[in-house]
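> Attaching a single structure in structure tokens format; questions to follow.
The values are calculated or read from the model by the stated rules, or taken from the named source; none is laboratory data. Because the structure is predicted, anything quoted here is derived from the model rather than measured. Ideal geometry is used to build each Cβ from the backbone, glycine not excepted, and the neighbour counts take in all protein chains shown. Each accessible area value is taken on the protein alone, full model and side chains, heavy atoms only, with ligands, DNA and RNA left out. Shrake-Rupley method; radii C 1.70, N 1.55, O 1.52, S 1.80 Å.
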Amino acid sequence: QVSLSVFWFAFVADTCVVGFLFVSAFLLFHLQLLWRGQTTREWSTGRHGLYNLGWRRNVEELLGSRWYLTWLCPLVPSSLPGDGVTFQMRELPAHKPVNFF
């Protein structure tokens, strides 16, 4: 048998550990999406690579030209390359026309 205070401490500690693991997994998943230039919806529907400009340009699209400072402190002003409505897409290779006959 354990006292109520020991049980409460163990419960809070376990809850913190489980919460940390969930938040860490969530963070790593979204960092992976950032590096790929994807949204969660694009990932879940299987659309890959339309907006992938490389990891550095993907981060600049999200955090602006001073991304290295904005990452540390979100209050640092950092101009974004776009207007927030339209985004630059990577150039897809030209497809050859298919001749069925």
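> Please give the helix 4-36 orientation as an angle from the longest Cα principal axis of the chain, in degrees from 0 to 90, rounded to the nearest 10.
Computed tilt is about 10 degrees.
> On to the next question. Karplus couplings for the range 68-83 from phi (6.51 cos²θ - 1.76 cosθ + 1.60, θ = phi - 60°), rounded to Hz, Gly and Pro as x?
Running phi through 6.51 cos²θ - 1.76 cosθ + 1.60 with θ = phi - 60° gives 5, 8, 5, 4, 7, 9, x, 7, 6, x, 8, 6, 7, x, x, 9 Hz.
> Measure out, as a whole number of angstrom, how far apart the alpha-carbon centroids of the range 45-76 and the range 1-31 sit.
Comparing the Cα centres of the range 45-76 and the range 1-31, I get a distance of 31 Å.
> What is the set of long-range amide H partners of GLY64 at a cut-off below 5 Å, with H atoms built 1.01 Å from backbone N?
Close amide H contacts, sequence-distant or interchain: none at all.
> Within a Cβ distance under 15 Å of ARG57, other residues only, what is the Lys/Arg minus Asp/Glu net charge? Kindly include the intermediate steps, with their values, before the conclusion.
Details: positive: ARG36, ARG56, ARG66, ARG90; negative: GLU60, GLU61, GLU91.
In short, +1.
> For the chain, what does the alpha-carbon gyration tensor say about shape, rounded, prolate or oblate, given a ≥ b ≥ c as the root eigenvalues, a/c under 1.5 as rounded, and a/b over b/c as prolate? Display every interim value, and only then the final one.
On the way: a/c = 4.98, a/b = 1.89, b/c = 2.63.
Judged from the Cα gyration tensor, the chain comes out oblate (a/c at least 1.5, b/c at or above a/b).
> Here is a follow-up. Using a 1.4 Å probe, what is the accessible area per residue for the chain, in Å²?
Details: 8800 Å² over 101 residues.
Heavy-atom accessible area per residue stands at 87 Å².
> Take the Cβ-Cβ distance between SER79 and TRP55 as r, set R0 to 22 Å, and report the resulting FRET efficiency rounded to the nearest 0.05.
Numbers: r = 20 Å, r/R0 = 0.90.
About 0.65, to the nearest 0.05.
> Which order do VAL12, VAL76 take by accessible area at a 1.4 Å probe, largest first?
Ranking VAL12, VAL76 by accessible area, largest first, yields VAL12, VAL76.
> Could you tell me the calculated FRET efficiency between LEU69 and SER5, based on Cβ-Cβ distance and R0 = 41 angstrom, to the nearest 0.05? Don't skip to the end; give the middle numbers.
Details: r = 45 Å, r/R0 = 1.09.
About 0.40, to the nearest 0.05.
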